[in-house]
Amino acid sequence: MIRVSHLNKCYNHPDMILKDVSFEVKKGEFVYLSGPSGAGKTTLFRLLFADLKPDGGQIVVDGLDLVRARPARIARLRQRMGVVFQDYKLIPNYTVFDNVALALEIAGTPRRLIQKTVWQVLKIVGVERQLDRLPLQLSGGEQQRVAIARALVNDPQIILADEPTGNLDYEIANEIMSILDYINSLGATIVMVTHNRALLQRFKRKVFYLDQGSLQAYVWPE
Amino acid sequence: MAKFQDRIYPLFKLTANNIRRHPVINLISISIISIAMLMLILYFLAYSNAARIVSAWRADLRIVVYLVDDIDSGRMLSLKNYCRELDEVMRFDYVSKEQALENFKVTLGDNSNFLAGLPENPLPASLELLLDSEVAEVDDVERLARQLQRQVGVDEVAYGSRWLRQLFSLLKTVKYFGFLFAAFLSAVTVFIVASTIRLSLYARRETIRVLHLVGATRSFIALPYLFEGVFQGAVASFLALGFAYGGFRYFKAWLQLQVPQWSIVLQLKFFTTLPLLLFLLLGTSLGIAGFLLSSRWVRQD
């Protein structure tokens with residue numbers, strides 16, 4: 001589903017952020033991308049949905065070569081992916097409903113299906129009662145759920161999540177993980193960026209460990 | 001494949017959101033386009049009315065050939081034949097000395113009494129030539145007058161079209177100046193509209209970034225701004241035409257009250273349907289051009 005080969009990335013800087021990174025994520029897998037702060041996790045995360053261009057190497061996601069793909073094809077790939085951002089990236093003057101519906105509208109979903117689909121996905125993440133609220137009227141955990149709902153609403157086969165539990169307390173982080181587990185059990189491939197070792201221990205999965213720009217090893221947490 | 005209406009609906013929804021959530025920016029754009037359009041409309045309104053009135057006058061080109069008092073009948077006959085053969089002359093009338101005096105009395109009305117005290121009729125006989133406006137140009141009048149002046153038996157030639165020729169050349173200059181003026185105003189308007197759209201894009205840069213990240217294509221992001229430009233241009237044109245029409249009606253009514261004897265006031269007319277549509281198209285185009293100038297921003301984001 002995701003294949004990364006000999007990836008290099010630097011930001012106008014002699015020291016590379018990512019050095020010859022290669023890995024593969026198979027369909028239906030749920031993997032962690034971990035490592036210390038500054039290891040290049042977020043850079044690699046952004047490369048996986050073509051928010052950045054690499055300086056070398058190849059990234060193929062769902063059959064699309066992101067390095068060579070035209071903007072329109074990248075846009076269509078993003079419509080088929082769900083991306084959860086650490087800072088949520090919700091539009092502040094759109095209601096919860098509008099934020100989630102936007103992903104459906106962009107994908108060209110028929111209007112008659114939008115209301116029902118949005119409500120269903122908000123129910124899955126547990127914020128269906130906040131439908132008409134603006135993001136800033138919600139707590140951090142609720143905003144994260146809305147961001148997850150937006151990522152899930154198009155029924156994506158690939159979900160990328162950058163520290164989706166980063167600023168949340170223990171219980172809410174557990175709930176978010178349960179939601180992602182549930183989505184994974186339905187067949188979605190999930191790549192989750194986290195540096196939270198406790199979380200890695202609690203929800204054991206395959207881990208790609210990045211350190212100083214290199215993919216050190218595949219580790220299975222004890 | 002999504003249906004057309006499912007693709008287009010969110011674009012209109014985003015356009016409506018953009019307009020509703022940024023009323024000040026929209027108000028500024030609409031005001032600027034309205035003012036520019038109003039200036040253009042008033043300019044062309046004044047020009048078209050002036051051109052219409054001058055054309056009406058032009059259709060009544062006349063030359064009056066005053067004859068010497070002692071002209072004999074043979075000379076008179078050859079002069080009439082000469083006038084008959086001129087292509088530019090549609091019709092001519094002979095006005096005798098007596099007829100000229102009668103006409104003058106009618107013109108003077110109650111003030112004509114003093115004419116009775118004159119020892120003899122001082123007015124000359126004349127030939128009044130009505131020129132064919134289809135054939136004769138304003139410039140031809142002067143040439144014809146010179147030609148007639150050279151004929152034997154002609155005392156003086158009078159024609160009132162010298163000022164008309166000057167008015168024509170003035171209108172020509174005004175017309176070219178008008179196009180320059182329109183081009184300049186349009187350029188300034190497009191630049192200002194582009195700046196306000198750029199300002200609006202800058203204010204919404206975070207929203208645009210989110211749209212990119214969740215899979216919006218460039219056209220999905222750009223089209224609502226194009227629609228916004230169309231909306232601004234169309235509303236501004238309607239407003240400008242509305243103000244211009246109101247102002248025109250008021251001015252015409254005021255002029256009729258001030259100078260009721262001027263029949264020319266009745267010839268003042270507002271635009272017909274075609275120019276109205278062209279102005280609407282121009283205003284809308286200004287909005288679109290403003291968007292196109294700033295759309296680079298959407299691509300660069």
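Values computed for the structure shown
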| item | result |
| --- | --- |
| Positions within the range A:8-39 being among the small types (G, A, S), surrounded by 15 or more Cβ atoms within 10 Å (Cβ to Cβ) and at negative phi, in sequence order | A:S34, A:A39 |
| Given (1) touching a Gly at 6+ places or on another chain (Cβ under 9 Å); (2) basic (K, R); (3) within 12 Å of chain B (Cβ to nearest Cβ), index of the condition A:R145 fails | (3) |
| Enumeration of residues in the range B:33-49 that are modelled with pLDDT under 85 and either β-branched (V, I, T) or not in a helix (DSSP H, G or I) (or both) | B:I33 |
| Filtered residues of the range A:71-105 (kept if β-branched (V, I, T) and at the interface with another protein chain (Cβ under 7 Å from one of its Cβ atoms)) | A:V83, A:I91 |
| Any hit, the range B:37-44, residues being over 30 Å from B:A236 (Cβ atoms), of a type in the set (S, T, Y) and within 27 Å of the chain's Cα centre (by Cα) | no |
| Every residue from the range A:106-134 that is over 21 Å from A:I183 (Cα atoms), within 13 Å of chain B (Cβ to nearest Cβ) and assigned to a helix (DSSP H, G or I) | A:I106, A:R111, A:R112 |
| Restricting the range B:175-196 to residues that are crowded, with 17+ Cβ neighbours inside 10 Å and not small (G, A, S), the residue that is farthest from the chain's Cα centre (by Cα) | B:T196 |
| Residue check, B:F270 surrounded by 17 or more Cβ atoms within 10 Å (Cβ to Cβ), touching a residue at least 12 places away in the same chain (Cβ under 8 Å), more than 14 Å from every other protein chain (Cβ to nearest Cβ) and not acidic (D, E) | no |
| Residue tally, condition among the hydrophobic types (A, V, I, L, M, F, W, C) and within 29 Å of A:G187 (Cα to Cα), over the range A:1-40 | 10 |
| Residues of the range A:135-165 satisfying the condition of being crowded, with 19+ Cβ neighbours inside 10 Å and outside any helix (DSSP H, G or I) | A:V153, A:N154, A:P156, A:I158, A:I159, A:L160, A:A161, A:D162, A:E163, A:P164, A:T165 |
| Tally of residues being under 11 Å from the mean Cα position of the chain (by Cα) and more than 26 Å from A:N93 (Cβ to Cβ) across the range A:160-184 | 1 |
| Restricting the range B:54-94 to residues that are under 31 Å from the mean Cα position of the chain (by Cα) and hydrophobic (A, V, I, L, M, F, W, C), the residue that is nearest to B:L171 (Cα to Cα) | B:V54 |
| Scope the range B:241-264; condition crowded, with 18+ Cβ neighbours inside 10 Å and of a type in the set (A, V, I, L, M); matching residues | B:L241, B:A244 |
| Residue count for the range A:62-92, restricted to those that are touching a residue at least 40 places away in the same chain (Cβ under 8 Å), of a type outside the set (V, I, T) and crowded, with 17+ Cβ neighbours inside 10 Å | 8 |
| Test: residue in the range B:80-88 that is basic (K, R), on the phi < 0 side of the Ramachandran plot, touching a residue at least 40 places away in the same chain (Cβ under 8 Å) and not assigned by TED's automatic domain parsing to the domain that holds B:F231 | yes |
| Qualifying positions in the range A:166-215 - farther than 22 Å from A:A39 by Cβ and part of a loop (DSSP other than H, G, I, E, B) | A:D169, A:L186, A:G187, A:A188 |
| Lone qualifier among B:V65, B:V54, B:V24, B:V106 - being in contact with a Cys (Cβ under 8 Å, 6 or more places away or on another chain) and either part of a helix (DSSP H, G or I) or touching a residue at least 40 places away in the same chain (Cβ under 8 Å) (or both) | B:V65 |
| In the range A:50-61, residue nearest to B:V214 (Cα to Cα) [restricted to those that are within 13 Å of another protein chain (Cβ to nearest Cβ) and surrounded by fewer than 20 Cβ atoms within 10 Å (Cβ to Cβ)] | A:D51 |
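Yes/no per residue for (1) in contact with a Pro (Cβ under 8 Å, 6 or more places away or on another chain); (2) at the interface with chain A (Cβ under 8 Å from one of its Cβ atoms); (3) surrounded by fewer than 21 Cβ atoms within 10 Å (Cβ to Cβ); (4) not in a helix (DSSP H, G or I):
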site: B:Y202; (1), (2), (3), (4): no, no, yes, no
site: B:L211; (1), (2), (3), (4): no, yes, no, no
site: B:G215; (1), (2), (3), (4): no, yes, no, yes
site: B:Y225; (1), (2), (3), (4): no, no, no, no
site: B:V235; (1), (2), (3), (4): no, no, yes, no
site: B:L239; (1), (2), (3), (4): no, no, yes, no
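Let's see how each residue does on (1) exposed (fewer than 12 other Cβ atoms within 10 Å of the Cβ); (2) farther than 28 Å from B:A56 by Cα; (3) of a type outside the set (D, E, K, R):
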position: B:L101; (1), (2), (3): no, yes, yes
position: B:V106; (1), (2), (3): yes, no, yes
position: B:D110; (1), (2), (3): yes, yes, no
position: B:N113; (1), (2), (3): yes, yes, yes
position: B:P119; (1), (2), (3): yes, yes, yes
position: B:P124; (1), (2), (3): no, yes, yes
position: B:E142; (1), (2), (3): no, no, no
position: B:Q147; (1), (2), (3): no, no, yes
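The values are calculated or read from the model by the stated rules, or taken from the named source; none is laboratory data. None of these values were measured; they are calculated from a predicted model. Positions of Cβ are generated from backbone atoms using ideal geometry, with glycine treated the same way; all protein chains shown enter the neighbour counts.
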